[in-house]
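The values are calculated or read from the model by the stated rules, or taken from the named source; none is laboratory data. It should be emphasised that the depicted structure is a prediction, and the values quoted were computed from it without experimental measurement. Positions of Cβ are generated from backbone atoms using ideal geometry, with glycine treated the same way; all protein chains shown enter the neighbour counts. We work out accessible area using only protein heavy atoms, side chains counted, and drop any ligands, DNA or RNA first. Shrake-Rupley method; radii C 1.70, N 1.55, O 1.52, S 1.80 Å.
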Amino acid sequence: MNTTIIYLAYLVAASLFILGIKGLTKPRTAVRGNQLSAIGMLIAVVVTLLDKSIIDYQWIIAGLVVGSAIGATMATRIQVTSMPQMVALLNGFGGGASLFVALANFVDPTAANHMVALISISATVIIGAVTLSGSFIAFGKLQELLSGNPIRIPGNSVINAALLIASVVLSVMVVIEPSNHVLIYSLMAVALLLGIFLVLPIGGADMPVVIALLNSYSGIAAATTGFITGNTVLIVSGALVGASGIILTQIMCKAMNRSLFNVLFGVMAEGGETIDADEVYAGKVKSTSAEEVAMMLETATKVIIVPGYGLAQAQAQHAVRELASVLQKRGTEVTYAIHPVAGRMPGHMNVLLAEAEVPYEQLLEMDEANPLFEQTDVAIVIGANDVTNPMAREDKGSPIYGMPILNVDKARNVIVVKRSLSPGFAGLPNPLFAMDHSLMLFGDGKKAIVELTQSLNEAD
């Protein structure tokens, strides 16, 4: 193909990537953003195949058919509640693809014949392997194949440092001795171990940050692969994904009042004395029933629903949407307050509620929702814990002190739908549950909301 046409096509593809990422910043435009990015990638792939003058498309077509079938099956059968696991898995596949492209080019003497290519190959092997193994560990934790709690390994920091140093040394040796294939496979093995040991100590509470970071890694690996293959659009798209992933990671860390270093090494903020749940609750927790809550909602003019991971576990998004519809028919204003790290991945609650066809304009970010709680008649918290814990504002000895939270406790009445008083990922009791204006509606989230909706309908 003509070089000018190729680069013009790549420019169009890159522009679509940028517009797509911009669209992903808001729930209303997220679907369109995803579609624009997909079109851009289609253009890039088609032009690249035509540019490289592929002689035999047999294996490419076979891979396309098999991959499309697997992808379509996963996309149609996956539950939205399991979306974090799927994202983690796809991040791993992205890193693995970059890893194997690097290995293929290394064993090709016509490709790995200059310094830039060898450096790019070494960098891609490290980043791709870390992304591959780290993402699979994240998948295992999210899927509960592994414990969601931090898995402490004696001397983990020392092991990580040793593996990182070994990776750098092996990278240099690969560049110096490209004919020694043992070095590149040793580098891959060390990097795979590094990914495992980096993610194992990270607990479930930090999974939103880990997923964002692994997404960034997969983008960086794609960019370095672009240098290996000399593909401009791969460099651009990989850099965009890498940069946006790093930005998202920083946003997640800020929302949790954590440093990236502490997340990576599984370190919670230092707290004071251990907080006794019995002292916090001290017989002050009041349970309620669906009928009592329905009576309260009958006179409410403004309700804010606060979803958390418990909503995802109970798959209660459709039940919540039905409750909101019933309230709105009665003239009640209903909105949803979304905390940036509610759930197991960035935007998890937005995805769940979008599946239930909750109108985008009802989804409020934390900064939008917090000023509204004081004028709210009833706040309904469904499965959210740490992101509503007043200790983050008031208790300087708390490990979560300084973490921005949803100011649910400022609402006139608070209903907490939860199976029990068990703590969140931070392991802390929540004083919100024992406040005078709070009531606990114990039980499965979906069942409790369905019963509440039925009680409201019966009251008409």
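Numerical summary
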| quantity | calculated |
| --- | --- |
| Among (1) closer than 21 Å to residue 284 by Cβ; (2) in contact with a His (Cβ under 9 Å, 6 or more places away or on another chain), the one test that residue 398 misses | (2) |
| Residue 313 open to solvent by 30 Å² or more (accessible area, probe 1.4 Å) and closer than 16 Å to residue 382 by Cβ | yes |
| Selection status of residue 386, open to solvent by 10 Å² or more (accessible area, probe 1.4 Å) and either of a type in the set (Lys, Arg) or out of contact with any strand residue (DSSP E or B) (no Cβ under 9 Å at 6 or more places or on another chain) (or both) | yes |
| When residues of the stretch 314-357 are limited to those that are part of a strand (DSSP E or B) and closer than 25 Å to residue 256 by Cβ, the one farthest from the chain's Cα centre (by Cα) | 335 |
| Tally of residues being open to solvent by less than 60 Å² (accessible area, probe 1.4 Å), without any contact (Cβ under 8 Å) to a residue 12 or more places away in the chain and in a helix (DSSP H, G or I) across the stretch 43-75 | 7 |
| Per-region count, the stretch 208-233, residues free of Cβ contacts under 8 Å to residues at least 24 places away in the same chain and in a helix (DSSP H, G or I) | 2 |
| Hits in the stretch 162-191 (condition: modelled with pLDDT of 90 or more and either more than 30 Å from residue 108 (Cβ to Cβ) or polar (S, T, N, Q) (or both)) | 162, 167, 171, 186 |
